[in-house]
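**Student:** First, the structure itself, so that you have it in front of you.
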Amino acid sequence: MLLCNFNVNNLFVRYKFGKTFPGDQGGKSRVTNPNVGYLPLYQKGAFEVFNAEQRKLAALAITQGNTVLPDVVCIQEVESLIALREFNERFLAAAYPYAVVLDSRDLRQIDVGILSKYPLDSIATHVDDTVASKYIFSRDCLEVRLRVKRPHSSPCSSTTSNPSWRWAPMKKPATGSVPQPMRSASSRPKPWPSC
């Protein structure tokens, strides 16, 4: 599996705000102030990517000049799921069917996300983790489990999971440190059986 970790540097979209709330048939939600509006429905043409040239360069960096396509891309500085999906569809040829972004406490409203070729089995957030009544992360420390099948290269490798993998819950970190999974000798991943 090829993993990529990349800071897309302010991946934002610019919305074409509506004067009525999406789905308002009677116009009761109409606003007259030209400086305000409602977020549009998620549909083509309702928004555009901020700094498209920079997004093209980001896509080239992620794909190493269109020569490699990572299986999973961990993204930093993404505004929203809409922005991440638009980046995937427009600049990565919709290569990733699975995406997630979780809002966090970042004052600039840039968060972390994942693009994946594999289904997301579970997602855990650490946005509310604290030490001494202070939040540990301004952006989330996103934890994702993927559903990945091993290739069937031999009769011995037909198993898709290793039952000896046992992960303990995250231990609370000391002040200023990053949480680490606790592993005991008996819970460390063991090698796959070989033929």
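**Student:** Within the stretch 101-137, can you find the residues that are within 18 Å of VAL8 (Cβ to Cβ) and of a type in the set (Phe, Trp, Tyr)?
**Tutor:** Answer for the stretch 101-137, where residues must be within 18 Å of VAL8 (Cβ to Cβ) and of a type in the set (Phe, Trp, Tyr): there is none.
**Student:** So GLY65 passes all but one of these: (1) open to solvent by 30 Å² or more (accessible area, probe 1.4 Å); (2) touching a Phe, Trp or Tyr at 6+ places or on another chain (Cβ under 8 Å); (3) small (Gly, Ala, Ser). Which condition number does it fail?
**Tutor:** Condition (2) is where GLY65 drops out.
The rows are residues; the columns are (1) among the acidic types (Asp, Glu); (2) open to solvent by less than 30 Å² (accessible area, probe 1.4 Å); (3) touching a residue at least 12 places away in the same chain (Cβ under 8 Å); (4) closer than 13 Å to CYS74 by Cα.
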position: ASP106; (1), (2), (3), (4): yes, yes, yes, no
position: ILE114; (1), (2), (3), (4): no, yes, yes, yes
position: LYS117; (1), (2), (3), (4): no, no, yes, yes
position: ILE123; (1), (2), (3), (4): no, no, yes, no
position: ASP128; (1), (2), (3), (4): yes, no, no, no
position: SER133; (1), (2), (3), (4): no, no, no, no
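**Student:** Continuing with the same structure: For the stretch 1-46, what are the residues that are farther than 28 Å from ARG139 by Cβ and in a strand (DSSP E or B)?
**Tutor:** Within the stretch 1-46, GLY18 is the sole residue that qualifies.
**Student:** Hey, does the stretch 36-54 have a residue that's open to solvent by 60 Å² or more (accessible area, probe 1.4 Å) and more than 30 Å from ALA95 (Cβ to Cβ)?
**Tutor:** Scanning the stretch 36-54, I find at least one residue that is open to solvent by 60 Å² or more (accessible area, probe 1.4 Å) and more than 30 Å from ALA95 (Cβ to Cβ), so the answer is yes.
**Student:** Identify the single condition in (1) more than 29 Å from ILE75 (Cα to Cα); (2) touching a strand residue (DSSP E or B) at 6+ places or on another chain (Cβ under 9 Å); (3) among the β-branched types (Val, Ile, Thr) that VAL36 does not satisfy, given that it satisfies every other one.
**Tutor:** (2)
**Student:** If you don't mind, there's one more thing I want to ask. Would you please name the residue that is least open to solvent (accessible area, probe 1.4 Å), looking only at residues in the stretch 83-104 that are free of Cβ contacts under 8 Å to residues at least 12 places away in the same chain and small (Gly, Ala, Ser)?
**Tutor:** Among residues in the stretch 83-104 that are free of Cβ contacts under 8 Å to residues at least 12 places away in the same chain and small (Gly, Ala, Ser), the one least open to solvent (accessible area, probe 1.4 Å) is ALA94.
**Student:** So the check is Cβ under 6 Å with 6+ separation or different chains; which pairs have a first residue in the stretch 18-35 that's over 17 Å from ALA46 (Cα atoms) and a second one that's among the β-branched types (Val, Ile, Thr)?
**Tutor:** The qualifying pairs are GLY27/THR20; SER29/THR20; ARG30/THR20.
**Student:** A follow-up question, please. With respect to ALA61, is the statement that it is assigned to a loop (DSSP other than H, G, I, E, B) and out of contact with any Pro (no Cβ under 7 Å at 6 or more places or on another chain) true?
**Tutor:** no
**Student:** I'd like the full set of residues that are aromatic (Phe, Trp, Tyr) and under 22 Å from LEU146 (Cβ atoms), limited to the stretch 59-98.
**Tutor:** In the first step, residues of the stretch 59-98 are kept if they are aromatic (Phe, Trp, Tyr); the result is 87, 91, 96, 98.
Within the stretch 59-98, PHE87, TYR96, TYR98 meet the criteria.
The values are calculated or read from the model by the stated rules, or taken from the named source; none is laboratory data. Only a predicted model underlies this, so the values are computations on that prediction, with no experimental measurement involved. When we count neighbours, we look across all protein chains shown, and the Cβ atoms used for this are built from the backbone with ideal geometry, even at glycine. Side chains are part of the model used for accessible areas, which takes the heavy atoms of the whole protein and leaves out ligands, DNA and RNA. Shrake-Rupley method; radii C 1.70, N 1.55, O 1.52, S 1.80 Å.
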